[in-house]
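The values are calculated or read from the model by the stated rules, or taken from the named source; none is laboratory data. The structure presented is a predicted model; accordingly, all values stated were derived computationally and were not measured. Every residue, glycine among them, receives a Cβ derived from its backbone with ideal geometry; neighbour counts consider all protein chains shown. All accessible areas refer to the heavy atoms of the entire protein, side chains included, with ligands and DNA or RNA removed. Shrake-Rupley method; radii C 1.70, N 1.55, O 1.52, S 1.80 Å.
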Amino acid sequence: MTTFNTLRWRGGALDMLDQRALPERCVYLSFDSAQAVATGIRSMVVRGAPAIGCAAAYGVALEALRLRHEPQAAFDSGLERAFETLAQSRPTAVNLFWALARMRATLAAQHGTGAEHTAAALLAEAHAMLEEDIAINRRMGQHGSALLQDGARVLTHCNAGALATAGHGTALGVIRSAVEAGKKISVIADETRPFLQGARLTAWELQQDNIPVTLIADSAAGFLMSRGEVDAVIVGADRVAANGDVANKIGTYSVAVLARRHAIPFYVACPLSTIDLKIASGAGIPIEERAPEEVTGYREQRWAPAGVKARNPVFDVTPAELVSGLITERGVVLAPDREKIAGLFRG
Ligand code: MRU
């Protein structure tokens, strides 16, 4: 059980733990409109695919609550703008679009019931998505923990923990569940340049739960693998294509190649809401590029020479052939391919 809430509903507004301030400060910011939530997503107050999806759902609900006393036409057009604004906040994590589609379906089902009633239904749906996300992560945790031996040393990249979800986490959820089942698991956390989700967030989150964690520079992963110091890799995902190709935080592909070179299993933990059957392969997944300033420095500090050209693609694609297994709420799919993934959705 984690000691913090990534997202929480308080006093008619959405509180989000400001992940930009971690690990130095644990502060919550309050959001009361779709525009504010979209800005929070873009600026990384909240990040991680499932957490972004839940935040966006609350963004729609907040907008409906804000506009519920307006005439119906203004309510409808305001909500339409909210959907558009939220959809433009970040491009890669498909959970954002999945959550917005679910909120659209709720909105459509409320047609003709009035703004007050519709707003209440949208808020109830956002609450349901938050609760479901935690339950799904727990199911993934149960399936995935069976893959880990007692004493396993597990390398992870980025933060796919409670901070990246409504709670428990995907990759870190598997580790948490294994620890809850009595296994001694230790984690090797890649620092995850350039935004340092591993150094700042994974290290902090695991410390909160007293799960042993050792931080390494991203470039140290291959060395540790070559010395036999890594038993398994588990990462999360932002979008999985229909053929099993996985988009995740930049650097994941390199870790997958290294894992294959050293015959170390490479697992991806993700809910079905992260699988995008509309995209045939990883080549079709939109990859976000963020500001070069995230590469040339961090926060107030700059280390690269002024004027240097820098690129900052923040996700990469790991081909399905490098994925040993997808850990989902419906079970583990070993050596995922198009057929096996389609089977997951048939139930
Ligand atoms: O840019 P971020 O921090 O939103 O990227 C997050 C990741 O890449 C995570 O690994 C992914 O969303 C899985 S979260 C359970």
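Just a few scattered comments:
- Scanning the stretch 52-82 for residues that are surrounded by fewer than 24 Cβ atoms within 10 Å (Cβ to Cβ), touching a residue at least 40 places away in the same chain (Cβ under 8 Å) and in contact with a helix residue (DSSP H, G or I) (Cβ under 6 Å, 6 or more places away or on another chain) yields a count of 4.
- The set of residues in the stretch 305-327 being outside any strand (DSSP E or B), open to solvent by 10 Å² or more (accessible area, probe 1.4 Å), among the hydrophobic types (A, V, I, L, M, F, W, C) and in contact (Cβ under 8 Å) with a residue 12 or more places away in the chain consists of 308, 310, 320, 322.
- Check on residue 126, away from the ligand (no atom under 14 Å from the Cβ), open to solvent by less than 10 Å² (accessible area, probe 1.4 Å) and closer than 18 Å to residue 33 by Cα: yes
- Counting residues in the stretch 21-28 that are of a type outside the set (A, V, I, L, M, F, W, C), in contact with a strand residue (DSSP E or B) (Cβ under 6 Å, 6 or more places away or on another chain), open to solvent by 60 Å² or more (accessible area, probe 1.4 Å) and farther than 29 Å from residue 289 by Cβ gives one or more.
- Only a single criterion out of (1) on the phi < 0 side of the Ramachandran plot; (2) open to solvent by less than 10 Å² (accessible area, probe 1.4 Å) is not satisfied by residue 169, namely (1).
- Residue 147 meets each of the listed conditions (1) assigned to a helix (DSSP H, G or I); (2) open to solvent by 40 Å² or more (accessible area, probe 1.4 Å) apart from (1).
- Among the criteria (1) within 16 Å of the ligand (Cβ to nearest atom); (2) within 19 Å of residue 278 (Cβ to Cβ); (3) surrounded by 19 or more Cβ atoms within 10 Å (Cβ to Cβ), the one residue 91 does not fulfil is (3).
- Scanning the stretch 258-275 turns up one or more residues that are within 16 Å of the ligand (Cβ to nearest atom), part of a loop (DSSP other than H, G, I, E, B) and either modelled with pLDDT of 95 or more or of a type outside the set (A, V, I, L, M, F, W, C) (or both).
- Complete set of residues in the stretch 98-119 that are without any contact (Cβ under 8 Å) to a residue 60 or more places away in the chain, assigned to a helix (DSSP H, G or I) and either open to solvent by 20 Å² or more (accessible area, probe 1.4 Å) or more than 13 Å from residue 34 (Cβ to Cβ) (or both): 101, 102, 104, 105, 106, 107, 108, 109, 115, 116, 117, 118
- Options 341, 264, 279, 287; residue that is under 18 Å from the mean Cα position of the chain (by Cα) and of a type in the set (Val, Ile, Thr): 287
- Residues satisfying the stated conditions in the stretch 243-257, i.e. touching an Asp or Glu at 6+ places or on another chain (Cβ under 7 Å), within 14 Å of the ligand (Cβ to nearest atom) and not β-branched (Val, Ile, Thr): 247, 248, 251, 253
- Residue match in the stretch 4-12 (condition: open to solvent by less than 10 Å² (accessible area, probe 1.4 Å), in contact with a Lys or Arg (Cβ under 9 Å, 6 or more places away or on another chain) and at negative phi): no
- Test: residue in the stretch 168-175 that is over 18 Å from residue 259 (Cα atoms) and small (Gly, Ala, Ser): yes
- Lone qualifier among 230, 240 - being open to solvent by less than 50 Å² (accessible area, probe 1.4 Å) and within 16 Å of the ligand (Cβ to nearest atom): 240
- Positions within the stretch 91-106 being of a type in the set (Val, Ile, Thr) and more than 15 Å from residue 125 (Cα to Cα), in sequence order: 92, 94
- Scanning the stretch 37-51 for residues that are touching a Leu at 6+ places or on another chain (Cβ under 8 Å) and free of Cβ contacts under 8 Å to residues at least 40 places away in the same chain returns 40, 45.
- Members of the stretch 26-63 that are under 15 Å from the mean Cα position of the chain (by Cα) and more than 15 Å from the ligand (Cβ to nearest atom): 57
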